[in-house]
Structure formats: C-alpha cells, structure tokens
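To start, the structure under review is shown below, and the notes come after it.
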Amino acid sequence: MASPTGRAGGKGGGRRTPSLAQLRAFTAVAEHLHFRDAAAAIGMSQPALSGAVSALEDTLGVTLLERTTRKVLLSPAGERLAVRAKAVLAEVGALMEEAEAVRAPFTGALRLGVIPTVAPYLLPTVLRLVHDRYPDLDLQVHEEQTASLLEGLTVGRLDLLLLAVPLGVPGVVELPLFDEDFVLVTPLGHGLGGQEDIPREALRELRLLLLDEGHCLRDQALDICREAGRADAPVTTTAAGLSTLVQLVAGGLGVTLLPRTAVKVETTRSDQLLTGSFADPAPTRRIALAMRSGAARSTEYQELAEALREALRPLPVRVLGAGS
C-alpha cells in the first residue's frame, strides 16, 4: 500500500522500480479505457492486467485509475504518468531496435504502416523487393489511415510508414519516393470521358465522389477543387475505399479522381468507365516513406527508400531523388 506521504513503500524505505509489464498494462488501459479491450490489445489476461496496474499503483504510491461499475477513467496523476510511461516504453523499443540493427542490418521485424489508397497498388512491388533483396527481414504490414499511422509511429507501434506527404509532423522524417498525377474517372458517355488536357476549372461543375472522412486522398481531392476555384463541398456520396468509389462512378452517380497507380487495378473491373488526363500542371500527390527522427535503423530505411525508388520506376510515376 502507499504510504501517507504518497511515496512507494518497501523494506528499508527503498524505492521499488516498475516493471515493463506493469507499464505496458497501464498504457494499454490508458489508451483503451477498458480492461477487456486493453488486455486483448497486449495479449494479457484481464485479471493479470488488472493486477499489473494495481501493482504499479502500489509501486508508485499514486492512484492512476478511477474505476466505476461502468467505465474506467484516468486520474489526474494517471494522465500525467501515462505520457511518461509511453515515453519509457518507446525508449525501450528503440533500445531493442538498436541492438537488432547492430547484430545484422535488414533482419528481424519491420512494422510497415501503409495508407489504404497506396497499399493495393504499391505493396506488390514492396513485397517483391523485400523478398528478393532482404530475405531475412520480417516485414509486417499494417493498413491504416494517416492519423492512426502517425500515432503508431510516434509511440513505437510502427517502425516505418508508406503514405502521402507532406505531413509537417515534428519528429518525423520524410523520405520522398515519387510524384504521381491524378486522373479523372467518368462513366461512359460523360463529356469529359477519355479527354486529354482537361482544365482544372472543369472540376467546378462536376459531381465529384470522394472517400470518407479520414482518408488523406479525400483531403487532397478537396484541395484540388479549391485550387480550381470551387468553394463549396462538392460531395453528397462517399465510399470507404477506391474500389467502391469507382463502381459508383460506373453506375453513373458522378465522377472521381484517382492516382495513376490505382487506375490499372480499379478501372479494369468495369467496361462502363473512361479516364481523362488533366492539362499541365496536372494535380499530383507525393508518396514517401516516413520514419522517426533519430530512428536506430535510419540507415537501413534510407537504403530501403533508394531501393524502392528503383523498383517503382516501371509504374506510371515520376521517381524522385533522395534530396527531393
């Protein structure tokens, strides 16, 4: 039990040190605010997790959680110490990465986060490259939206990201890979279907179909519309993925914007679609790898980025140099 002074007890008045298991249990509860969900997230039984958090409270001499019959809340002390606990676990993860990198480059696990509007179109190239050039690398792929990926990178859940940039996030280093144009996808019979040199201004009058909130491609499309002089939100129908979006276009509900790397995969599923290209300068997006600043394996990630640039050259993209 905690002493009246708030200090952790123990024989001889010495301070006890929290274990990593206790810190992981606490940070999981702090994230999920639910014991069952937290236990499932870190692969621990619920009684063991509850016991680890109680032991941590006893060790620190503070109450970290406010438990009620319906929910779990962080106490004021818990909110402060959760930040510290996450930082400690991140540093331990960095220590393990450093030791792994010293032992042998391109071995062990690499947890790669990828956004949904990139994963289906670039992963075949990425997986083939890793299989052929880095056979001892245990690549683990996580497909999530940008905000979730950045959170995962920051807390150490992910090692490297493949996504659209710029991010403008402190502590995150971008390794640009390529730029690619957007194309306009329309149903058969549409006036702009199959045309070249489409002016951006044409977007002012189109019924544009977009992805759901949270997808960076949606925000990019809206930015393109604003640059074309369209002030309103041009969307009444949305989709969770590009495949559904393209099928909505084929059904005549509107038009959409696709990055060029997605065109071959998505538009060949229907004979009711046409694609048109924009006049120069066409709207584009930039794809990059992103890593934590000072990552233990930064040299490996930079080498991987250079290898990816070469592997991606056959795709309809403009490959960038390392310093772009």
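The values are calculated or read from the model by the stated rules, or taken from the named source; none is laboratory data. None of the values given here were measured: they were computed from a predicted structure. Ideal geometry is used to build each Cβ from the backbone, glycine not excepted, and the neighbour counts take in all protein chains shown. Quick note on the areas: whole protein, heavy atoms, side chains included, nothing else; ligands and nucleic acids left out. Shrake-Rupley method; radii C 1.70, N 1.55, O 1.52, S 1.80 Å.
In the chain, taking the dipole from charged Cβ atoms about the Cα centre, the farthest positive-side position among ALA228, GLN145, PHE178 is held by GLN145. So, with a 1.4 angstrom probe, what is the percent of accessible area on the chain that is carbon and sulfur? Carbon and sulfur atoms account for 53 percent of the accessible area of the chain. As a size descriptor, the averaged projected area of the C-alpha convex hull of the chain was calculated at 21.3 nm².
If packing is taken as the mean number of other Cβ atoms within 10 Å per residue, what is the order of 103-111, 248-256, highest first? Please list the in-between numbers first.
Working: 103-111: 14.7, 248-256: 19.2.
Final packing ranking: 248-256, 103-111.
Solvent exposure of segment 239-322, expressed per residue, is 43 Å² of accessible area, with all protein chains present and a 1.4 angstrom probe.
Could you sort HIS32, HIS215 by their accessible area in this structure, using a 1.4 Å probe and putting the largest first? Working shown, then result.
Working: HIS32 70, HIS215 15 Å².
Largest accessible area first, the residues go HIS32, HIS215.
Over all directions, the projected convex hull of the C-alpha atoms in segment 108-223 averages 9.4 nm² in area. Taking every DSSP beta bridge that has both ends in the chain, the antiparallel portion is near 65%. Relative to the compact-globule estimate of 2.2 N^0.38 Å, the Cα radius of gyration of segment 14-115 comes out at 1.22.
Order VAL319, VAL29 by their accessible area, 1.4 angstrom probe, all chains in place, largest first.
Final ranking, largest accessible area leading: VAL319, VAL29.
Counting only Cβ charges, +1 for Lys and Arg and -1 for Asp and Glu, the dipole size of segment 101-225 around its Cα centre is about 320 debye. Taking 0.36 nm per residue of separation and subtracting the current Cα-Cα distance, fully stretching the chain between ARG207 and SER243 would add 11.2 nm. Accessible surface calculations at 1.4 Å, restricted to protein heavy atoms, place segment 100-145 at 50 Å² per residue. With the crude spin-label approximation of a point 7 Å out along Cα→Cβ, what separation in nm comes out for GLU143 versus VAL265? Using points 7 Å along Cα→Cβ, the separation is 0.7 nm. Which value in nm describes the separation of the simple spin-label points at ARG70 and GLU303, placed 7 Å from the Cα toward the beta carbon? Label-label distance for ARG70 and GLU303, simple model: 5.6 nm.
Taking the mean number of other Cβ atoms within 10 Å as a proxy for protection, how do you rank 187-200, 120-133 from highest to lowest?
Most protected by this proxy first, the peptides run 120-133, 187-200.
Derived from the Cα gyration tensor, the three semi-axes of the equivalent ellipsoid of segment 95-141 are 23, 13, 6 Å, largest first. With both labels modelled 7 Å from their Cα along Cα-to-Cβ, the LEU20 to LEU188 distance reads 6.0 nm.
Ranked highest first by average number of other Cβ atoms within 10 Å, how do 301-308, 267-274 line up? Present the calculation step by step, with values, prior to reporting the outcome.
Working: 301-308: 18.2, 267-274: 15.1.
In decreasing order of mean packing, 301-308, 267-274 become 301-308, 267-274.
Give me the extension gain from GLN46 to ASP179: residue separation times 0.36 nm, minus the current Cα-Cα distance, reported in nm with one decimal. Please list the in-between numbers first.
Details: separation 133, 0.36 × 133 = 47.88 nm, distance 4.69 nm.
So the chain would gain 43.2 nm between GLN46 and ASP179.
When the residues ARG230, ARG80 are ordered by accessible surface, computed with a 1.4 Å probe over the protein chains alone, the sequence from largest down reads ARG80, ARG230. Which residues among segment 19-34 fall inside the zone where the amide N is under 13 Å from a point 7 Å beyond the Cα of VAL155, along Cα→Cβ? From segment 19-34, the list is 24-34.
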